[in-house]
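Everything on this sheet refers to the single structure shown next.
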Amino acid sequence: MFRSPVVTTRHLWTGLPLFILLWKCFLFPLPMLDFWWHLKAGEVIVTSRTIPTADIFSFTAEGKPFVLGNWLAEVIYYLLYRLGNLELLLFGNALLVTAAFLAVYSLCWQATDRFRVRIFCAAIAALCFSVGVRTQVFSFFFFALYYWVLWQLHTRRRNLLWILPVLMIFWVNLHGGFFLGLALISIFLCAECANRCLRSNLERLPLKELRQIVFIFLLCLIATGANPQGYHVYTYVWTVASDPSSQKLVIEWQPPSIETARGMLLFFGPFFMTLVALVYSRRRPHPTEVALFVVSAAFAFTAMRNGIWFIILNIPLLARCFPDSLDQRHEKPYFASTTSDDAIRQQTHYTRVMQRPLDVVLACLALFVLALLSPWVHPRVYGGDLLAPETPVRAVDFVQSRGIKGKMFHPQEYGDYLIWRLWPQQRSFIDGRVHLFGEAFVREYQQVFCDSNWEESLARYGIEYLLLKKDPDQAEHQRLLESVRNSGRWIMLYEDNLSILFEKSNPHGMSGVQRQSGTRSQPPP
């Protein structure tokens, strides 16, 4: 006899954080920066079976030493693309983000026996989690898994330290954030040693397990040498992390702002919630918890991109402190109305197997919504594309179809996509690899948009083509566009609603493309 699916209200609430996370993963298109050049690098590595050691993608830094520290992630990206195009790549990223989140969710679950607090804290983590398709997501996964393993040892649930050096072999080849794993082990070790030295009455790890942590740290340190650059990979990490052009000019490397929604979501919101919970909690925090909170908060204050590490480490701390902070305030909010799993089990409406149509309908509706948002269905149902709306697809189509090979100036945002679509026919002027170009060059690039002598600046690089944005909200781009139109030395080849392509004219007032095609310009499509 057919049985309807067993779905309880508790199942629906348990799945809510996962629904939020997957909804976010499928909501955002592929980014313009820091993705496309990685995909092209993966193609180069797979097809040539070599890992380039110098820049091959730009003409302004061509031949300059450049380490592909994320080479394995780039290979994975390209293989996913070959197997299932961009749709499979987006889906694979969603699975990786979900795997990282599940480690945090598990720690929230272990942190308290109050069901609603678990769901609330996990939902906060899902809302704040970074989900964009970037190689950094691999570090999210490994960092969360490192934290989960170390916390299992801290709470004496299980000892899985042996897996950390194995994970490090993969991590060091996937993303430069591998050093955060070493930092996390160091924080745990120092905090646990401090706890013993302070002779507090809090639970302390035995000396045997502290020695194990030291041994595992050394094994992880040795494992970082298992990459094509060996231990020179640390030079690459330091170069990227300390690059002045990134620190001063790239938005995500700027400190988070409390005045912006992004700053509140990625750091300040979780920070203040956790801080208040710590202050009002009757529970005495462990030195390890204090160390993780202070160090991760200080790190997150330095750059917006570092907020994710604070979220991974401290949302479980929020779950541990939140119930006690509520009791301390003598409040009876929604979160405290059901006190424990035992109490939940005693209440019929949480433990009785419910086959009510409403529960099944809600579960099916959630799955249906995620299916509609999936990269395979969403573009076909709602139209649009998986790419960011500002991606210059048609302009690049034109350049590709006409075989244009001269040196081209373009906005930085276009650089990564040009690498993916046009290399080696075209090389970028500048792209998302800001640390490769250096501060002086980046400032010179920025000066082009506001300097009346922009033609002289570009002439030094032998620029023959200009691919410019038509975004009316960016005044500097509009100024340059007007200056080009009024120059009389540049002929429009192509224009659409996003971009416009110019070629430098010869003394007779015609471009090379026009002489070949016999036309004055390409009309807007």
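Some observations on this one:
- Computed log₁₀ I(q)/I(0) - Debye formula, equal Cα scatterers, no solvent, segment 104-148, q 0.23, 0.24, 0.32 Å⁻¹: -0.84, -0.88, -1.11
- Bridge orientation summary for segment 393-517: considering DSSP beta bridges with both residues in this region, about 85 percent are antiparallel.
- Translational diffusion coefficient (Stokes-Einstein; Kirkwood radius from C-alpha pairs) of segment 393-517 at 4 °C, 1.567 mPa s, in µm²/s: 87 µm²/s
- Counted over the chain, the DSSP beta bridges are approximately 75% antiparallel.
- Whole-Hz couplings from phi, Karplus 6.51/-1.76/1.60, listed for segment 303-311; x for Gly and Pro: 7, 4, 5, 8, x, 4, 5, 5, 4
- Here's how it looks for Y494: its modeled amide H is under 5 Å from those of L501, Q522, which are all 5 or more places away or on a different chain.
- Eligible lysines near K470 by straight Cα distance, threshold 25 Å, same-chain separation 8 or greater: K405, K407, K504
- With 0.36 nm allotted per residue and the present C-alpha distance subtracted, the K470-S457 stretch has 2.5 nm of extension available.
- In this simple spin-label approximation, L219 and L160 carry label points 7 Å from Cα along the Cα→Cβ vector, and these lie 1.5 nm apart.
- 3J(HN,Hα) couplings calculated from phi for segment 481-488 with the Karplus curve 6.51 cos²θ - 1.76 cosθ + 1.60 (θ = phi - 60°) are, in sequence order, 4, 5, 5, 5, 4, 8, 5, x Hz; Gly and Pro show x.
- The calculated FRET efficiency for the pair Y234 and Y382, based on their C-beta separation and a Förster distance of 45 Å, comes to about 0.50.
- Only helices enter the 222 nm calculation for the chain: every DSSP H run of n ≥ 4 contributes -39,500 (n - 2.57), and dividing by all residues gives -19000 deg cm²/dmol, rounded to 500.
- Two-decimal Rg to Rh for segment 57-116 - Kirkwood Rh, Cα set: 1.25
- Cα-based shape type of segment 230-324, given that a ≥ b ≥ c are square roots of the gyration tensor eigenvalues and the cut on a/c is 1.5: oblate
- Estimated inter-spin distance, F28 and N85, nm [label 7 Å along Cα→Cβ]: 2.4 nm
- The spread of Cα positions in the chain, taken along each principal axis and listed from longest to shortest, comes to 88, 58, 44 Å.
- Whole-percent pair-distance distribution, where bins are 10 Å wide, for the alpha carbons of segment 1-129: 11, 29, 24, 20, 11, 4, 1, 0
Just so you know, all these numbers are worked out from the coordinates, no wet-lab data involved. Just so we're clear, the structure is a prediction, and the values are computed from it rather than from any experiment. Backbone-built Cβ (ideal geometry, glycine too); neighbour counts: all protein chains shown.
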